[in-house]
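Written below as structure tokens is the structure these notes are about.
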Amino acid sequence: MDRVKSSMQQVPNPIPKALIRRTGGANSLELEKENFERGQAVSINKAINTQEVAVKEKHARTCILGTHHEKGAHTFWAAVNRLPLSSNAVLCWKFCHVFHKLLRDGHPNVIKDSMRNKADLSDMSRMWGHLSEGYGKLCSIYLKLLITKMEFHVKNPRFPGNLQMSNRQLDEAGENDVNNFFQLTVEMFDYLECELNLFLGVFSSLDMSRSVSVTAAGQCRLAPLIQVILDSSHLYDYTVKLLFKLHSCLPADTLQGHRDRFQEQFKKLKSLFYRSSNLQYFKRLIQIPQLPENPPNFLRASALSEHISPVVVIPAESSSPETEHMVDLVTEDLVDTDIPVQPAAVVEPRFDDLFGTSAATDPFNFNSQNGMRKDDKDRLIEQLTREIQALREELESFRLESGRLCQALRGRVNELEAELAEQSHLRMQALGESEFLRVELDDLRRVKEDTEKEQRSLTEIERKAVANEQRYTKLKEKYTELVQSHADLLRKNAEVTRQVTEARAARDEVDSVRREMQEKVKAAQEATESRMTSNEQEQVEQLQELQRELISSRAALDTLKSTMASSQQSSEELSSQLSTVESEKVELAESLSKKEEELAGLGEELERVQSSLAGERENGVKTAEALQNQLNEKESREQALESQLVAARWSTLQGAVEEAERIVQDSLAQLDDPAHISCTSSADYLASRCQASLDCMDRLHSARDGYLADNTGLSELVRAITHLAHLVGDTIVQGSATSHMVPVEQADALSDSVKACGAEALTLLGQMKEQESLATADSATLRAALDGILATAEKLRPRGLELQQGELGDLVEQEMAATSAAVESAAARIEDMLNKSRAVDTGVKMEVNERILASCTDLMQAIKVLVLSSKDLQRDIVESGRGAASMKEFYVKNSRWTEGLISASKAVGWGATVMVDAADLVVQGKGKYEELMVCSHEIAASTAQLVAASKVKADKDNANLGRLKLASKGVTQATAGVVASTKSGKSQIEEKDTMDFSSMTLTQIKRQEMDSQVSVLELETKLQKERERLGELRKKHYELAGVAEGWGEEDEGTG
């Protein structure tokens, strides 16, 4: 307590009364908070005091732990605001050191809480800046550095206070945008410039001819440089990586200023690192890296692999708690004694004694100065030993508590990892089951196809059997017809044979009648001859009667002959018919035998087919029954698997919806997170997020319809839900971040809009989580909320982006036309000046003017080719990227790129006009050659900007892009020609005075020498002022160039 009182007596009113006393009836939490605030106030006042010694590490560490304990810096600033920082430079210096440590290692909210005191720090910096030496000037520089550090981290919240980032995090900080990388490099240059200024200020305030690093006063000034070395090493590393990335995206001419500024800072940083590494004070506390001999060559991309990141190593023994406690306690007790000696003289011998300096070489003779008796020393040592033991026990309790907390956090991490592993396992199991079900379904489909093939084969066999049966029936009918025909022929043959027999019998009968008649005629003749004598009359009568009978017999015979002839004729006909029938019978018999053979073969084949058909039918019936049973089993199994698959799909969908709800809820929770207050965003980016969310809602609607139609579009629906959740969450976060940069009324309205959007998104996801309400889930309210945020973002967009479609599209064409016209006019003016110079000037002046104007003409021609190539490339970009939209709509959609083109075109046209004016004055003898060279460099930079803006959206294989690069090289060469011709012309025109000092006396020479020294000092002062003015102009140029990107609004929001 004596040490606490002695520290508190050093500064008037060190601890606020509100932090010392509390009203009665405080509970345990209030008592714990009161003890915490009292302990913090004591540590702050011990760390920040008027003694010109370095800040104790343990006090600074206590302040850092306090910020993590209360998650902010309210207690720190409550104590610091009572300190007289504006009246004591050493007190302000030590405050800056402690504050720098808090910004680096304290809680992230320290930066946000400290931004409220930015104006006070700026006023204090200006106040201390009026002092030209001592701690006052150093405090002014240090305060500027701290303000720059806070502004850098507010603009770039991805960077932690200690600036430790991986390469992936560095890429994410620039959001893969070359403009962001360009601006980030400029901010790092400004940051590193402030670090180097503090470095140089501290070294210039020390007398390096003496060992100041072992004195308390020197260590007080050198101690903050450890934080500067840590920051500078990271800034140098990130600057190198960003410059390599910029050189891979932009032309080298555009980054010439960056390279020059980097080389200047590289030389300073290398020198300061080298000087610091030789100081005894730093050798014990920090291992300073050495930079390479030469700066990196950014024009060679492979040089990035040669870059080695500088690593600052802090040895573990430098922060040993026993050593720190021993030094702190000894120092505090020595300060408490009433010995009339200076604080520095008290600390230095004990410092040297602790770190190995022998008593024989002690220049301060500490043991003879303190005048204390041996028993007092023993008592003091015992007291210190007891306090050390108490502090060790306290430290051990802190370690145990931190170990317990770490163990609990590790247990929580393990639980979360186990839960994540379980979720991953369930997901993989669901995927495996889904794959198994898919394979089973494929097998069932294949079995079904095989069954269908067998069914088709069975149907084909049955069809063939039916065809064979029909063929057998036809053959049987044909055989029956042949048998019937053969029977008819047999009957006809029998009839013909009977007729022939009857005809033969009739002919035999006629022959017998004729023989009988002949016999009767012979008998009648004989009787006639015998009876002629008796009765001749009777004979005559009989003869006549016989003749009549003969005639009738002859008639009958003729009739029989005609009958017989007709019978013979019919017999011949029957014989011919019979022979024909016989031949037909033979043929029919042969065909019948063939048909019988075929019929026998067909019968055998039919029997075989019938037997095989019967077997096939039996087998087919058995197979069909087995297949039907299997098919029934497969169908039942397939239905079960299908139901399981549907359940798994629905479970997967519910999991995706729940995950989407958690994403949106996490985004809403970030709105109430104090760390989110320092986050900022642009209205343009917010509008792009809103538009992406609206597009994703259309995709979600179509995916939901597809899923409800056939339950197969699950993957597309899950992707759409997850993507929408991420986009809506991003819209909520970006909307809240954008509200931090706008006025209060608009910020409140925007915050309410994003909260309403989050609520509508959760409502929609809740409806989609239920199977009954999935089909009727209405997204109109969410769409309306997003439309409202989009409308608000459009109102908040920078004014430079509010051009109408027609105006922006026409403005591009107008600016490109104006640039071409300016280049044409400049070329015409140069030609006119060349003609006038030939008519007026002679000799060397005419030669110089012709050479300069000719190089300017070549430059104008190269710029003209470049502008035409840029137009062709822009036309290709618009045609390939606009799709169904018009050219003006494409320009409006890509407004940033369009404004870059407009700005680059204006710069080219303006540069051409200014260069022609400068050339005109040079030809007339009224201008400066340097102005013409500067104009040439400015034109080269403007054309490089036009090339960068033109090719940023171009395809790398585009032919017009190759022509544009060649045209850019032509402009660079023409610019070099202008500079070379201007320099050579200047050397020819200017007359150098001969230095003849032969007629001057010693006094005159001394006088001239003094005048020359005065002129040199004046010119150096003027040069320094012009360089500072150039730096301020460049900063202002960066600010004005960033208006279209919304940088100005970010500064207002963070300020």
Simple spin-label estimate for R548 and Q665 in nanometres, 7 Å along Cα-Cβ
15.4 nm
Quote the FRET efficiency, to the nearest 0.05, computed for S715 versus Q164 with a Förster distance R0 of 41 Å and r equal to the Cβ-Cβ distance.
0.55
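How much net charge surrounds K453 when only other residues with a Cβ under 13 Å from its Cβ are counted (Lys, Arg +1; Asp, Glu -1)? The partial results should precede the final answer.
Working: positive: R445, R446, K448, R456; negative: E449, D450, E452, E454, E460.
Once all neighbours under 13 Å are counted, the net charge is -1.
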Per-residue ³J(HN,Hα) for region 55-65, Karplus 6.51 cos²θ - 1.76 cosθ + 1.60, θ = phi - 60°, Hz, x for Gly and Pro:
5, 5, 5, 5, 5, 5, 5, 5, 5, 5, 5
Once the in-chain neighbours fewer than 8 apart are removed, the lysines whose Cα is under 18 Å from K492 read K585
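From the cross-link list K71/K241; K965/K1025; K951/K1025; K149/K245, which pairs have alpha carbons spaced over 27 Å apart? Walk me through the intermediate numbers first.
Details: K71/K241 33 Å; K965/K1025 38 Å; K951/K1025 38 Å; K149/K245 24 Å.
With Cα atoms farther than 27 Å apart: K71/K241; K965/K1025; K951/K1025.
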Name the residues of region 161-177 whose amide N is less than 14 Å from a point 7 angstrom out from the Cα of A675 along the C-beta direction?
161-162
Under 5 Å, built H, 5+ apart or other chain: amide partners of Q287:
V313, I314
Mean Cβ neighbour count within 10 Å, used as a protection proxy, ranking 75-88, 732-745 highest first:
732-745, 75-88
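Name the trypsin sites (Lys or Arg not before Pro) in region 901-944 that are in a loop by DSSP and that have at most 14 other C-beta atoms within 10 Å, would you?
Values: sites: K906, K926, K928; in loops: K926, K928.
Of the trypsin sites (Lys or Arg not before Pro), the ones in loops of region 901-944 whose Cβ has at most 14 other Cβ atoms within 10 Å are K926, K928.
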Beta carbons within 10 angstrom, averaged per residue: use that to sort the peptides 285-297, 777-789, highest first.
777-789, 285-297
At 7 Å along Cα-to-Cβ for each site, give me the label-to-label distance between L206 and D190 in nm.
3.0 nm
Straight distance only, please: which lysines reach the Cα of K926 with their own Cα at less than 18 Å, same-chain residues fewer than 8 apart left out?
K836, K845, K983, K986
In order through region 167-180: 3J(HN,Hα) via Karplus (6.51 cos²θ - 1.76 cosθ + 1.60), integer Hz, x for Gly, Pro:
5, 5, 5, 5, 5, 5, 5, x, 6, 6, 10, 5, 5, 5
N162 long-range amide H proximity, modeled H, under 5 Å
none
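Calculate the FRET efficiency for D752 and L1002 from the Cβ-Cβ distance with a Förster distance of 60 Å, rounded to the nearest 0.05. Walk me through the intermediate numbers first.
Numbers: r = 87 Å, r/R0 = 1.45.
Step by step, r from the Cβ atoms, then E = 0.10.
May I ask for the equivalent-ellipsoid semi-axes of region 691-767, computed as the square root of five times each C-alpha gyration tensor eigenvalue and listed largest first in whole Å? Display every interim value, and only then the final one.
Working: eigenvalues 187, 23, 14 Å².
Values for region 691-767, descending: 31, 11, 8 Å.
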In nm, spacing of pseudo-spin labels at E879 and E435 (7 Å Cα→C-beta vector)
4.8 nm
Taking a ≥ b ≥ c as the square roots of the Cα gyration tensor eigenvalues, with a/c under 1.5 meaning rounded and otherwise prolate when a/b beats b/c, else oblate, which class fits region 366-475?
prolate
The lysines whose Cα lies under 29 Å from the Cα of K634, excluding any fewer than 8 residues away in the same chain, are K448, K453, K622
Using 0.36 nm per residue of separation minus the Cα-Cα distance, give me the extension gain between S424 and R392 in nm, one decimal.
6.9 nm
Sorted by chain and then number, the residues having a modelled amide H within less than 5 Å of the amide H of L774, at least 5 places away or on another chain, are none
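Only the coordinates and a few stated rules stand behind these numbers; no lab work does. Computed from a predicted structure; not experimentally measured. Note: ideal-geometry Cβ built from the backbone for every residue, glycine included; neighbour counts use all protein chains shown.
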